[in-house]
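This structure is in structure tokens; I'll ask about it shortly.
The values are calculated or read from the model by the stated rules, or taken from the named source; none is laboratory data. None of the values given here were measured: they were computed from a predicted structure. Cβ placement follows ideal geometry from the backbone for every residue including glycine, while neighbour counts extend to all protein chains displayed.
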Amino acid sequence: MRAGEIVFTAMERVVFGRPAAGAVAETADRLGARRVFILAGSTLNRETDAVRRIAQALGDRYVGVHDEMPAHSPRDAVIACANKAREAGCDLLVSVGGGSTTDGGKAVTICLEHDIRTPDGLEPFRTVVDEITGKRHFPQYRAPRVRQICVPTTLSGGEFNARAGVTEPRLRLKQAYIHPGLIPLVVIFDPAITVHTPEWLWLSTGIRAVDHAVETFCSIDGNAYTDSTALQALRLLGHGLPAVKRDPADLEARLDCQIGAWNSMAAIVTGTRMGASHAIGHVLGGSAGVPHGYTSCVMLPAVLAFNATVNADRQAEISAALGAAGQPASEVLDRFISGLGLPRRLRDVGVKREDLPRIATNCMLDDWTFSNPRKIEGAQEIVPILESVY
């Protein structure tokens, strides 16, 4: 008899298909917020009117904006935003932008709750992974009282996760901050605001969502509930991503992608562990500066090929969901990603060959290396996966 447990989050609601400005203002009203601070993507804030419209809708509740959160949410950038939000008396944080603003915002709420004012002040709050067993230690601390609402403009899906990825710049390593209280309270999907997202970023983070769906469907924790959401995510993204590439103004296709990204996260947020594509992706981001989406574009087919000896039956269902029944999933994803014009080799995303051993070693610090469907005993088994796509 199969057994398991589905753990749901404290997210309150998801609003979709409505203009972001009005939805944010209504949410602030309902929550009784009086001092709303915005963490925004820099290009979105400086080159479009999207953030200004949200600020105007908030009226006198709007108390400021910060738009300097680099990729992979470095600790020092988190502190800079937190200090500015604290000075503004923030009682509700709105993140508008991609995954770095989402994850950075989660970490900002930790800083506000615990009066963290320096990068090293974050150290006691991070999740630590045992390098031998892969077991995680979760620090216990008060949940943030200043909550976050998200208006995502990419498809990585981090807004549905109670986990923040923050980079320690000196170690060049992305570290996890995991706490149930980090989950955003509300997510607002406005497909119209995403037309400002560069095509490469929209499509590559869409592949990140595909990666979520694939690795949860193949997870050692898989179950009938999460299988259904993963396969639906693949159907929506398999249709929506090419449709947006053909016609960037297709808002229905953009919303399909957003709902697909949401579905792709259903298993992760209920406790399903991921595999080596995500583990390697975390390290490529923190240690080599590769954008999240690109890590999945490069690594997902390679990891599928590596795992095929232990889960070929599951991989067959992935191919079918993407409309290519009977074909190896690694090849199906290779063609799908290439067809979107996205990179497929580590050298194409700026990774140096001499860095591969260090990247492989750092992968043994990521908990999801230890939950890959095909067991990975050490860094020496990761190097050939990296070499296969160099």
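Taking Val108, is it buried (at least 24 other Cβ atoms within 10 Å of the Cβ) and assigned to a strand (DSSP E or B)? Walk me through how you get there before you give the answer.
Details: buried (at least 24 other Cβ atoms within 10 Å of the Cβ): yes; assigned to a strand (DSSP E or B): no.
Answer is no for this residue.
Next question, about the same structure. Need the failing condition index for Leu122 against (1) at positive phi; (2) touching a Phe, Trp or Tyr at 6+ places or on another chain (Cβ under 8 Å), just the number.
(1)
Still on this structure: Read through the list (1) under 14 Å from the mean Cα position of the chain (by Cα); (2) in the same structural domain as Arg75 (by TED's automatic domain parsing); (3) modelled with pLDDT of 95 or more, then give the number of the only condition that Val186 fails.
Unmet condition: (1).
Just checking, how many residues over segment 71-99 are modelled with pLDDT of 95 or more and out of contact with any strand residue (DSSP E or B) (no Cβ under 8 Å at 6 or more places or on another chain)?
7
Listed residues Ala324, Ala316; which is more than 24 Å from the chain's Cα centre (by Cα) and under 20 Å from Ala243 (Cβ atoms)? Please lay out each step first, then the result.
Numbers: Ala316 fails: under 20 Å from Ala243 (Cβ atoms).
Only one candidate qualifies: Ala324.
Does segment 346-369 contain at least one residue that is of a type in the set (A, V, I, L, M) and within 24 Å of Gly238 (Cα to Cα)? Lay out the reasoning, then the answer.
Residues of segment 346-369 that are of a type in the set (A, V, I, L, M), as a first pass: 346, 349, 351, 356, 359-360, 364-365.
So of that shortlist, the ones also within 24 Å of Gly238 (Cα to Cα) come out as 346, 349.
Yes, segment 346-369 has at least one match.
Show me the helices (runs of 4 or more DSSP H) entirely contained within segment 1-89 in which 3 or more residues are free of Cβ contacts under 8 Å to residues at least 60 places away in the same chain and more than 30 Å from Gly289 (Cα to Cα).
20-31, 50-58
Still on this model: For residues that are farther than 22 Å from Ala176 by Cα and touching a Ser or Thr at 6+ places or on another chain (Cβ under 9 Å), tally how many sit in segment 366-384.
1
Among the residues of segment 211-225, which ones are buried (at least 24 other Cβ atoms within 10 Å of the Cβ) and polar (S, T, N, Q)?
To start, the set of residues in segment 211-225 that are buried (at least 24 other Cβ atoms within 10 Å of the Cβ) comprises 211-219.
Scanning segment 211-225 gives Thr216, Ser219.
Could you check segment 366-385 and list, in sequence order, the residues that are over 22 Å from Gly293 (Cβ atoms) and among the aliphatic types (A, V, I, L, M)?
Ile376, Ala379, Val383
Among the residues that make up segment 56-72, is at least one of them among the aliphatic types (A, V, I, L, M), surrounded by fewer than 18 Cβ atoms within 10 Å (Cβ to Cβ) and in contact with a Ser or Thr (Cβ under 8 Å, 6 or more places away or on another chain)? Spell out the reasoning first.
Applying the first criterion (among the aliphatic types (A, V, I, L, M)) to segment 56-72 yields 57-58, 63, 65, 69, 71.
Add one more test, that the residue is surrounded by fewer than 18 Cβ atoms within 10 Å (Cβ to Cβ), and what stays is 71.
Subsequent filtering for residues that are in contact with a Ser or Thr (Cβ under 8 Å, 6 or more places away or on another chain) retains 71.
Looking through segment 56-72, at least one residue is among the aliphatic types (A, V, I, L, M), surrounded by fewer than 18 Cβ atoms within 10 Å (Cβ to Cβ) and in contact with a Ser or Thr (Cβ under 8 Å, 6 or more places away or on another chain).
For segment 203-210, indicate whether the set of residues that are without any contact (Cβ under 8 Å) to a residue 60 or more places away in the chain and surrounded by 19 or more Cβ atoms within 10 Å (Cβ to Cβ) is non-empty.
Yes, segment 203-210 contains a residue that is without any contact (Cβ under 8 Å) to a residue 60 or more places away in the chain and surrounded by 19 or more Cβ atoms within 10 Å (Cβ to Cβ).
Out of the residues in segment 136-163 meeting the condition of being assigned to a strand (DSSP E or B) and modelled with pLDDT of 95 or more, tell me which one is farthest from Ile54 (Cα to Cα). Walk me through how you get there before you give the answer.
In the first step, residues of segment 136-163 are kept if they are assigned to a strand (DSSP E or B); the result is 136-137, 147-152, 163.
If we keep only those that are modelled with pLDDT of 95 or more as well, we get 147-152.
Details: Arg147: 17, Gln148: 15, Ile149: 13, Cys150: 12, Val151: 10, Pro152: 13 Å.
Looking at residues that are assigned to a strand (DSSP E or B) and modelled with pLDDT of 95 or more, I get Arg147.
Turning to a different aspect of this structure: Out of curiosity, is Ser95 buried (at least 24 other Cβ atoms within 10 Å of the Cβ), in the same structural domain as Pro152 (by TED's automatic domain parsing) and touching a helix residue (DSSP H, G or I) at 6+ places or on another chain (Cβ under 7 Å)?
On the way: buried (at least 24 other Cβ atoms within 10 Å of the Cβ): yes; in the same structural domain as Pro152 (by TED's automatic domain parsing): yes; touching a helix residue (DSSP H, G or I) at 6+ places or on another chain (Cβ under 7 Å): yes.
Against the criterion (buried (at least 24 other Cβ atoms within 10 Å of the Cβ), in the same structural domain as Pro152 (by TED's automatic domain parsing) and touching a helix residue (DSSP H, G or I) at 6+ places or on another chain (Cβ under 7 Å)), Ser95 qualifies.
Looking at (1) over 15 Å from the mean Cα position of the chain (by Cα); (2) under 27 Å from Met69 (Cβ atoms); (3) assigned to a helix (DSSP H, G or I), which one does Pro343 not meet, given that it meets all the others?
Every condition holds for Pro343 apart from (3).
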